[in-house]
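J.: Handing you this structure, nothing more for now.
Just so it is clear, none of the values below were taken in a lab; they were calculated from the coordinates. Every value quoted in this text rests on a predicted model; they were computed, and no experiment measured them. Cβ placement follows ideal geometry from the backbone for every residue including glycine, while neighbour counts extend to all protein chains displayed.
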Amino acid sequence: MYAGNIAEITPAQAAFDAPLHPYTQLLIASIPSIKERKALHVTEGLTHDLRRPPPGCVFHLRCEHVADECRAVVPLMREMRPGQHVACHRCELWM
């Protein structure tokens, strides 16, 4: 969930093994490792005022995969894999 909007619905193991939404990917990448020392992945961009969400996908201001469609059209929740639903226009690119 990002800014009060569901980004991805998936079993926990699928979220860790193959996250589809860029926000889910960011969350998984931000988990520190106790086995190795590595830099944490952080996202660029600004968060928006939750009282006035931007048009289109609410994550587009911080998404590294953003396209024009993301800025204009709210993505619908779609089943991309069995039991894995995601609200993203561009997730087919990394499936």
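J.: Using +1 on the beta carbon of Lys and Arg, -1 on that of Asp and Glu, and nothing else charged, what's the dipole of the chain about the Cα centre, debye to 20?
T.: On the way: 10 positive and 10 negative charges, 47 e Å.
The calculation lands at about 220 debye.
J.: Sort largest first and round to whole Å: the equivalent ellipsoid semi-axes of the chain, each the square root of five times a Cα gyration tensor eigenvalue. Could the numbers behind the result be given before it?
T.: On the way: eigenvalues 98, 63, 26 Å².
Working from the Cα gyration tensor, I get semi-axes of 22, 18, 12 Å.
J.: Stretch A18-L76 to full length: gain in nm at 0.36 nm per residue minus the Cα-Cα span?
T.: Length gained between A18 and L76: 18.9 nm.
J.: In what order do L50, L61, L27 fall by count of nearby beta-carbon atoms within 10 Å, going from fewest to most? Numbers along the way, then the final one.
T.: Numbers: L50 9, L61 19, L27 16.
Fewest-to-most Cβ neighbours within 10 Å comes out as L50, L27, L61.
J.: Given springs between every Cα pair under 10 Å in a Gaussian network model of the chain, which of E36, E69, E79 has the largest fluctuation?
T.: Taking springs between Cα atoms under 10 Å, the residue moving most is E36.
J.: Count neighbours as other Cβ atoms within 10 Å of each site's Cβ, and list the trypsin sites (Lys or Arg not before Pro) in the range 1-86 that are DSSP loop with at most 14 such neighbours.
T.: On the way: sites: K35, R37, K38, R51, R62, R71, R78; in loops: K35, R37, K38, R51, R62.
Loop-located and lightly packed - K35, R37, K38, R51.
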